[in-house]
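The values are calculated or read from the model by the stated rules, or taken from the named source; none is laboratory data. This structure is a prediction, so every number in the text was calculated from the model and none was measured. Glycine also receives a Cβ, built like all others from the backbone with ideal geometry; neighbour counts cover every protein chain displayed. Protein only, heavy atoms only, side chains kept; ligands, DNA and RNA dropped before computing areas. Shrake-Rupley method; radii C 1.70, N 1.55, O 1.52, S 1.80 Å.
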Amino acid sequence: MTRLTGWGANLRADCVLVEPETPAEIERRLDRAGTIARGLGRSYGDAALNAGGQVLGLGKVDRYLAFDESTGTLTCEAGVSLSQIIHDFGPRGWFPLITPGTKFVTVGGCIANDIHGKAHHAQGAFSACVDAMTVLLASGEIVRSTRDENADLFWATFGGMGLLGVVLTATLRLRRIETTYFRQKSIPVKDLEAMLAALDEQDKVFPYSVATLDVVATGARLGRGVVTVGDHARLEELPPALRAHPLLISGPPKVAVPFELPELTLNALSIRAVNAFIQLRLKGAPAFGHYEGFFFPLDILAHWNRGYGRRGFTQYQFVIPFTDGLRRMREILGAVLSSGELPFLNVLKRMGKESGGLLSFPREGYTFAIDFPVRQNTVALLRRLDAMVLEAGGRIYLGKDSYVEAATFRAMYPRLDAWLAVKAKYDPRGVFTSDLGRRVGLVPPLATLAKAG
C-alpha cells in the first residue's frame, strides 16, 4: 500500500499504486475490482484516491505520437504534462491553448477536470482544444472518441473525473505564439462593485483576466483588490531587452518548501503579511510579464502546499450566475471573510458559456476560489457556503473539492442523470471508482459493487 493525498494534503488514503509505462501495460494491470487513474496529483481533494484499491499512476505514459507544424495539432499520451509541452514546443512558437493555474498537470488530468484558466470567457475550457481521444474501457476495449464518434463518451469524459475509463491518448490544438511574454496591466479597485465592473469592462478588451481580493478588507471595503488583464505579446511590442530572447522558457523551480510547516507559522499575522505582499506585487506588475508569472505564479515554489501544515488545506471554488451576481457574491464573500477562518490565496474571474461536458464546472457567471487551511470549523463553513452557492443557482468545482455532499452535488449539476446513463453504458460494473466518486454519488459504494460482482 502507498499513502496518497491530493494537492491539498487534507485527505489521505492507502492505495495500491501501480505505474505502468505503456498503454498495453495499463490494460494488463487494470484491476477490475476497482481503479482510478492519477496524473501528477494536482487535483486538490480525493479525485485520484481509491482507499484500499488500485490507483493507476500515468506519469510515465508520456510520449508524443504526432505533431503537425502547420496547424499546431499534437497527438500525445495522456501522461504528457503541460510543463513538458511548454518546454518542448514553446521554443518552436507553440503554447497550450488552455492552461490552468499550474503547468504541472497532465493532459489526461486536464480532460478529466475539463480545466479552465484566465480566458474562459473568451476561449472556453480544455474541451475546446481537444479534437479526439482514445479511452480504455472497463471491458478492455480501446475506443476512439470525438465530437462525432462515440460523442456521448467524449462529452461525459470532460469533467467526468476519470470515472468512465482511462484516457490513453489525446489529439489537441496548440496556440501559435510570437513570444512567451504577455502585455499586461493592473487595475486597483476599491470594493467589490468596482471589481466586478472592471472585470466586465476589461473582458471585452482582453482575453485574459483575473482579480485578487485583499482578504483583510471587509465591510464597505469588501472586494478591494487588484484586477490583472493581459494578452500574448507580439514580437514587435517587446522592449529590446526582452526581444533578444522572445521565446524564453523557464526552468524547474529553484526554491522549495522542504517539509510540512508547523501550523503556528500560518496565523492571522503571517496571512496579513503575505496578503499585503501579494497586493503590492500585483499593483507593481511591469507592462510585460513572462508566462511563468502571468499564468503560473505559484509554480516558482516547489511543494508550496506544504506551507499549510500537516492538516493541509482545501480550495473552495464556486461559480454563480451573473444575474444578481453582485449581491450574491457580496453575501458569500462576507460569510467567508467574517467566518473567523483563515482564508488565504484567492482569485476571482468571469466565465463564459458552458461546454458540452456533462459534468464540466464552468458556466456563465462569476467564479471565486479561495484557500482555507483545514481547521476545526472549516467543514462547517464549507457546508454553509455550499447552501449559499446552491441558493444562488451556482455550483462547486470537483477538481478542487474535498467535502461536498452527494445531495448538494446532485442539486448543483442538472445533467448528472445523463452522465450516470453514460456511466452505466460504458462501465456497468463500476470498475472505475474513486473516493470522490463514491462520496458525491458518481459511483456506488464499494459494498454495493462487491454484491454486484
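Remarks
- Looking at region 1-71, the strands (runs of 3 or more DSSP E) lying wholly inside it that each contain 3 or more residues that are modelled with pLDDT of 95 or more and open to solvent by 60 Å² or more (accessible area, probe 1.4 Å) sit at 12-18, 64-68.
- Number of the exception - Ala411 against (1) farther than 26 Å from Asn346 by Cβ; (2) of a type in the set (Gly, Ala, Ser); (3) surrounded by fewer than 23 Cβ atoms within 10 Å (Cβ to Cβ): (1)
- Residue among Phe361, Phe344, Phe368 that alone is over 18 Å from Gly223 (Cβ atoms), under 18 Å from the mean Cα position of the chain (by Cα) and of a type in the set (A, V, I, L, M, F, W, C): Phe361
- Taken residue by residue, region 135-144 has no member that is part of a strand (DSSP E or B), open to solvent by less than 20 Å² (accessible area, probe 1.4 Å), within 30 Å of Val205 (Cβ to Cβ) and not charged (D, E, K, R).
- Which listed residue is under 30 Å from Ala418 (Cβ atoms), hydrophobic (A, V, I, L, M, F, W, C) and at pLDDT 95 or above, from Leu199, Leu163: Leu163
- Meets criteria (closer than 28 Å to Ser209 by Cβ and touching a Phe, Trp or Tyr at 6+ places or on another chain (Cβ under 6 Å)) for Phe294: yes
- Flag for Ala256 being among the aliphatic types (A, V, I, L, M), surrounded by fewer than 16 Cβ atoms within 10 Å (Cβ to Cβ) and under 23 Å from the mean Cα position of the chain (by Cα): yes
- Of the residues making up region 297-335, just one is open to solvent by less than 20 Å² (accessible area, probe 1.4 Å), closer than 26 Å to Phe95 by Cβ, in contact with a helix residue (DSSP H, G or I) (Cβ under 9 Å, 6 or more places away or on another chain) and not in a helix (DSSP H, G or I), namely Val319.
- Looking at Gly223, Gly219, just one residue is open to solvent by less than 10 Å² (accessible area, probe 1.4 Å), within 30 Å of Arg272 (Cβ to Cβ) and either of a type outside the set (A, V, I, L, M, F, W, C) or out of contact with any strand residue (DSSP E or B) (no Cβ under 9 Å at 6 or more places or on another chain) (or both), and that residue is Gly223.
- Selection status of Gly340, in contact (Cβ under 8 Å) with a residue 24 or more places away in the chain, surrounded by 22 or more Cβ atoms within 10 Å (Cβ to Cβ) and not in a strand (DSSP E or B): no
- Test: Glu364 is within 17 Å of Ile115 (Cα to Cα) and surrounded by fewer than 21 Cβ atoms within 10 Å (Cβ to Cβ): yes
- Pairing residues of region 389-416 that are more than 21 Å from Arg328 (Cα to Cα) with residues that are modelled with pLDDT of 95 or more and of a type in the set (Asp, Glu), at Cβ distances under 8 Å and at least 6 apart in sequence or on separate chains, gives Ser402/Asp46; Glu405/Asp386.
- The one condition in (1) assigned to a helix (DSSP H, G or I); (2) of a type outside the set (Val, Ile, Thr); (3) open to solvent by 20 Å² or more (accessible area, probe 1.4 Å) that Phe89 fails to fulfil: (3)
- Checking each residue in region 156-211 for being open to solvent by 30 Å² or more (accessible area, probe 1.4 Å), among the aliphatic types (A, V, I, L, M) and assigned to a strand (DSSP E or B) picks out only Ile187.
- Checklist (1) modelled with pLDDT of 95 or more; (2) under 22 Å from Phe322 (Cα atoms) applied to Gly223, failing item: (1)
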